[in-house]
1. How well do other chains shield peptide B:167-176, expressed as the mean number of their Cβ atoms within 10 Å of each residue Cβ?
2. What's the magnitude of the charge dipole for chain C around its Cα centre, counting Lys and Arg as +1 and Asp and Glu as -1 at the beta-carbon? Answer in Debye, nearest 20.
3. Mind listing which trypsin sites (Lys or Arg not before Pro) in the stretch C:222-279 are in a DSSP loop and have 16 or fewer other Cβ atoms within 10 Å?
4. Have a look at the DSSP beta bridges in chain C and tell me what percent are antiparallel, nearest 5.
5. Using a 1.4 Å probe and ignoring any ligands, DNA or RNA, find the accessible area of C:Glu278 and quote it in Å² to the nearest 10.
6. Can you compute the FRET efficiency between A:Arg133 and B:Glu252 using 1/(1 + (r/R0)^6), with r the Cβ-Cβ distance and R0 = 30 Å? Round to the nearest 0.05.
7. Leaving ligands, DNA and RNA out of it, work out the accessible area of B:Trp231 with a 1.4 Å probe and give it in Å² to the nearest 10.
8. Given a 1.4 Å probe, how much area per residue of the protein assembly as shown is accessible, in Å²?
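The values are calculated or read from the model by the stated rules, or taken from the named source; none is laboratory data. It should be emphasised that the depicted structure is a prediction, and the values quoted were computed from it without experimental measurement. Note that each Cβ is placed from the backbone with ideal geometry, even for glycine, and that neighbours are counted across all protein chains shown. Please note that ligands, DNA and RNA were not included when accessible areas were found on the heavy atoms of the full protein model with its side chains. Shrake-Rupley method; radii C 1.70, N 1.55, O 1.52, S 1.80 Å.
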Amino acid sequence: MPGIMTKILEVEDLEVAFRIGPAFGIGQRKELLGVAGVGFDLDPGKTFALVGESGSGKTTLARAVNGLQAISAGRIVFDGQRIDDLDARRMKPLRLRMSMMFQDPVGSLSPRMKVGDLVTEAYRIHGIDVDFRAETERLLSLVGLSMDVTDRFPHQLSGGQARRVGVARAIALNPELIIADEPTAGLDVSIQGEVLNLLNDLRERLGLAMIIITHNLHVVRHVADRMAVMYLGRFVEIGPTDEIFSAPAHPYTAALLSANPEPDPDRAKDRIALPAEVPSLLHRPEGCEFHTRCPWARQDCGDEIPEAVIVGQRRVACRFPLERGERPPADSPTDPPTK
Amino acid sequence: MGALGIALVVLMVAGAIFADLLSLYEPDRISPRDRFSAPSMEHFLGTDHLGRDLFARVLHGGRIALSVALSSILISLIIGVALGLVAGYGPRRLDNLMLLLLDSIKSFPTVMLALALVTLFGPSLTVVMVVVVLVTMPGYARIIRTQTLALKESEFVTAAISLGAGTPRILRVHIMPNVIGPLLILASMDIPVVIAIEAGMSFLGLGVRPPTPSWGAILNDGYAAIRESPWIVVAGGLPIIITTLGFTFLGETLRDVFDPRLDTRR
Amino acid sequence: MSLPTVNLLTIRDLNVRFATERGELHALRDVGLDIGKERIVGIVGESGCGKSTLINAILGLLANNGRIDGGRILFNGRDLTRLDPKSMQALRGIEIATVFQDPMGALNPVISVGRQMRNIQYRSSLRNKEKDARSVAMLQRVRIPDAKQALHRFPHEFSGGMKQRIAIAMALMMEPALLIADEPTTALDATLEVATIDLLKDLQAGIGCSVLFISHHLGVIAELCDEVVVMYAGEVVERGSTSQVFNHPNHPYTARLLECDPARQAKRTRLLPTIPGEIPDLRHRPPGCIFASRCADHRSACQAPPPEIEVDNGHFARCIHARHHDENSRSRRP
């Protein structure tokens, strides 16, 4: 390992392929890449955000890292140990050290289990003998819930409460890495902050590393040290969050950042509009996969796949990375933007 | 309606359990002098062609009917749930194999199946039970399979896997409790069907062997004398009707009890 | 702003109650708002604020256990609370159209888009060919590529963003006076969301209808709406023009809600603001200010129902702390 600190997670050239068809013998067997070769690493105690729109492969990537999704190529190394080829039995001890939070706050809780049992389920699974009541109390108080909820079923909780129970379950075994898939999805704005503060606080107190998957860029800015923007299963830009926010270098990142409606009616909206049709994973565009929607696309962008270039501390998959604040050319070759 | 259902079921079960205490006569004591007596204070439901007390026979017949129904449904449930879980959660190939097996069993007509088994093994209670299990089990297995398939991909199951839970735990703790409710409702509604199957087979002489009392056998005995002594058919039919209503009402009530999400408390 | 606009929809003192097993739930209390002709009015609020109940009340689609307990909903001068079900039905889809969060709610999965759009025009005396031509024109307006071909396709053949556009096209087919859009962009990705907002804006201007736009997303409201109504626990706590409400929030709930949006934090922060506490149980609605239990500024005077104070021209807040604009800027509390 180079450097003094061991990486908690290293992902190299990861691919996840899905097979489609044939149905009833009709149609061809096709393969599509949900994640098409990505790599990143994570230091202990740091937060990494995966950003992208639906279908960009961010959830698939997270599930692959957590061993819930078989990979077709690449390596996943957790704390120096390769984990992508482990079977369920050999993966089990690692589940003590790595946990995942799922998108649906209520739906990820078993509907016929009470909160008390849900929170301590990890101990039961791993046969760890503890005082369940005391542990329940400790975990619930860590996530800011009172013992009143222990006898409730998931459907009797509010979204925010259910999300806290999910957090309590995830931190029960003192993991070193938490993967949080859309931790603020389905929550009201006034609750979102609570959950993010809680995660941040726990991260600091327990020294957790975190991967946060989200489509909400504003969330990323406040919680993540580093981030990657995904498009069609690949990273188009990866680097320190501050750098990306202050000067996005990939056109897609720039468009995504500008597409964020902000609650300020007076703010000038110099939006970068994109044509609405997202290419299908079954028919990936030739060359740069974003060129079909890119307002900056040039004649030859569809000819060759761009090599990642280094901009500051970032890697950007674009042959012509943007300057800070660069606007699209007036005669952009894509569809006329809205308005 | 639930209370009525429970009352009727309790009535039948109590009658069967305490049959010896409640009846004044032995169920198969033949008394040629009392042949075809109409209902009276002495014989509450009258007597049959052999002078046997019908009240005693109905109560003791209840024992047979209920024990056959409950035990065969229970066996059917255990096998059905096990097969259903394996088919729903296991690999695709196993699922296809199971479906083929279940569908072949199910596609066999009940009457033919019963006749075939009786021809092979002779009429007996065991044959009745085997028929019941074969008739009901595929349906149970299918329900469990379908629901398991749906839950397999649900987020809470994935969440449990990511905590390290193994397949036995997933099935026992996370899937079973969520699929068993509807099945129990169905099973309780199936009990009268089973009683009817037992009665029907006994009526045809394919079930319990005489002189063992059975509701179906009573009906059969009464059928020959339906014009002269209709009370025999009534004595055989009434308990079947009561039991059917009782378990059906009970099933309806269970439906409300079993789904905590229908609970409006919050 | 100072121009006297004619209102298309005026709601005054609207109360809605639901009978539940554990007592009566007072879902909407004294709700009042105005939608001017050709205006886009946004309703913003979090879960449980009564947005959906309000829409259903306007559309005459309250659940069986719900009832309107006083108040008026004036649409083009007619009181919808007194309208018989048949006239109400005639109004829906023709004069008042709706678009929902899930476009599949409006689209029939087994009927082609073209046929569905033809069906909407069942009252028109046009021939099918002319109806189809109108459908194509409408699909083009919502920027569906290959509109003519699209008529023969089925809803599932379109992406989520396209389906929502088709739903919008169908809603606006009859050129309604009022479009109610209930979280129409919530299920869409950010780039599609902004495109859909722009589209709605263009269509509204083109058709000249009014829009009631419901969202929990403050950014979307700020961008799209002329006026905004803030709801909390079944009450309108603040309303006014978008710039009035967003720039000078006068109700503490509005102010806190705006603070909570991570997008409002100019600087990166580790501790995001929140609103502690929960919405009160609407079965036992407190008689006074509905926000008092979560308000940092609550006084004993808050135990009485707060007045709706006009703090600026057309800008109202239901809070005893609300001050008229000039006053407010002079003596701003710390």
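1. On the way: counts 1, 0, 3, 2, 0, 0, 7, 5, 1, 1.
Taking the mean over all residues of the peptide, I get 2.
2. Working: 42 positive and 38 negative charges, 111 e Å.
Here chain C has a charge dipole of around 540 debye.
3. Details: sites: C:Arg239, C:Arg256, C:Arg264, C:Lys267, C:Arg268, C:Arg270; in loops: C:Lys267, C:Arg268, C:Arg270.
Those satisfying the criteria are C:Lys267, C:Arg268, C:Arg270.
4. Counting only bridges with both partners in chain C, antiparallel ones make up about 60 percent.
5. 120 Å²
6. Details: r = 39 Å, r/R0 = 1.28.
Efficiency at R0 = 30 Å is approximately 0.20.
7. 50 Å²
8. 45 Å²
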